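Note sheet for the following structure.
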Amino acid sequence: MLISEEYRKENTRLHFTNRNYGTGLKWNAKSLISVCEEMDTTDVLDYGCGKAIRATNGEVPFPIKLYDPAIPEYAAIPEPADLVLCLAVLEHVEPECLDDVIKDLYRVTKRFGIFLIDLWEGTVRLSNGNLAHCSLHTVEQWTAKLQRYFDVLETKDFKDGKGRWFFVKPRMNLLEMGPTEEEFAPMDGEPVDLMNYK
């Protein structure tokens with residue numbers, strides 16, 4: 001299960017009552033275009049796009065696939081894409097759904113993923129008083145969770161420890177092998193330079 005119906009409704013409420021919630025402004029168009037040029041693709045999915053302001057304001061000269069279960073127009077199950085952005089999303093996932101969401105990220109990531117995960121409690125609260133950042137883990141714990149499905153090529157600090165960028169590649173032949181915690185051998189060649197994100 002990717003999200004419970006109750007939590008989906010709660011997030012829909014937040015999106016429509018808090019103008020700053022889910023704005024999708026944690027990436028910039030110039031960096032994204034540069035990454036796409038390096039990868040020679042325009043096949044991009046914003047997974048957990050929220051209001052998708054930056055993806056829909058004309059800054060990017062190609063369409064971006066959008067998925068967010070709490071936004072009705074973006075709630076359809078997404079198709080895979082070469083490049084998947086998942087920015088400030090995973091810390092909002094219900095703990096009991098987290099493994100399924102990471103597995104779904106693996107399903108939709110054809111070539112490369114850029115995931116930004118907040119590591120602090122945040123300030124937004126749900127209607128029951130709980131913080132909206134309901135899945136909080138250390139960098140090491142997030143790395144271990146992601147490594148079940150992805151090779152974590154590099155991580156980078158975000159806002160002095162408040163978050164972490166994860167640059168990942170889906171593990172090959174995972175469906176035949178099953179998830180593993182073991183590290184894979186280093187990749188041949190240099191990874192794509194994706195370190196222009198701020």
ask   = Quick one: which helices (runs of 4 or more DSSP H) sit completely within the stretch 1-68 and have at least 3 residues that are touching a Lys or Arg at 6+ places or on another chain (Cβ under 6 Å) and over 24 Å from Phe112 (Cα atoms)?
value = none
ask   = Inside the stretch 136-146, can you point out the residues that are out of contact with any strand residue (DSSP E or B) (no Cβ under 9 Å at 6 or more places or on another chain) and either surrounded by fewer than 16 Cβ atoms within 10 Å (Cβ to Cβ) or not basic (Lys, Arg) (or both)?
value = Thr138, Glu140, Gln141, Ala144
Among (1) farther than 19 Å from Arg164 by Cα; (2) in contact with a Pro (Cβ under 7 Å, 6 or more places away or on another chain), the one test that Asn11 misses = (2)
request  = Give the residues of the stretch 82-101 that are over 11 Å from the mean Cα position of the chain (by Cα) and either farther than 22 Å from Lys156 by Cβ or in a helix (DSSP H, G or I) (or both), sorted by residue number.
outcome  = Glu94, Pro95, Glu96, Cys97, Leu98, Asp99, Asp100
task = Search the stretch 12-25 for residues that are farther than 15 Å from Val93 by Cα and pair each with any residue that is open to solvent by 30 Å² or more (accessible area, probe 1.4 Å) and part of a helix (DSSP H, G or I) when their beta-carbon atoms are under 6 Å apart and the residues are at least 6 apart or on different chains.
result = Thr23/Ile53; Gly24/Ile53; Gly24/Arg54; Leu25/Arg54
remark   = Taking the stretch 49-72 and keeping residues at positive phi and open to solvent by 20 Å² or more (accessible area, probe 1.4 Å) leaves Gly58
key: Filtered residues of the stretch 16-43 (kept if under 19 Å from the mean Cα position of the chain (by Cα), of a type outside the set (Lys, Arg), under 28 Å from Asp82 (Cβ atoms) and surrounded by fewer than 17 Cβ atoms within 10 Å (Cβ to Cβ))   = Thr23, Leu25, Asn28, Ala29, Ser31, Ile33, Ser34, Met39, Thr41, Thr42
key: Top-ranked residue in the stretch 102-133 [being buried (at least 17 other Cβ atoms within 10 Å of the Cβ) and part of a loop (DSSP other than H, G, I, E, B); ranked as farthest from the chain's Cα centre (by Cα)]   = Ala132
ask   = For the stretch 150-167, what are the residues that are without any contact (Cβ under 8 Å) to a residue 24 or more places away in the chain and surrounded by 17 or more Cβ atoms within 10 Å (Cβ to Cβ)?
value = Val152, Thr155
note = Of the conditions (1) at pLDDT 95 or above; (2) open to solvent by 20 Å² or more (accessible area, probe 1.4 Å); (3) within 18 Å of Asn28 (Cα to Cα), the single one that Ala75 does not satisfy is (3)
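The values are calculated or read from the model by the stated rules, or taken from the named source; none is laboratory data. Worth saying up front: this structure is predicted, and the values here are computed from it rather than measured. As a convention, Cβ positions derive from the backbone with ideal geometry for all residues, glycine included, and neighbour counts pool all protein chains shown. Side chains included, ligands, DNA and RNA excluded: accessible areas come from the protein's heavy atoms. Shrake-Rupley method; radii C 1.70, N 1.55, O 1.52, S 1.80 Å.
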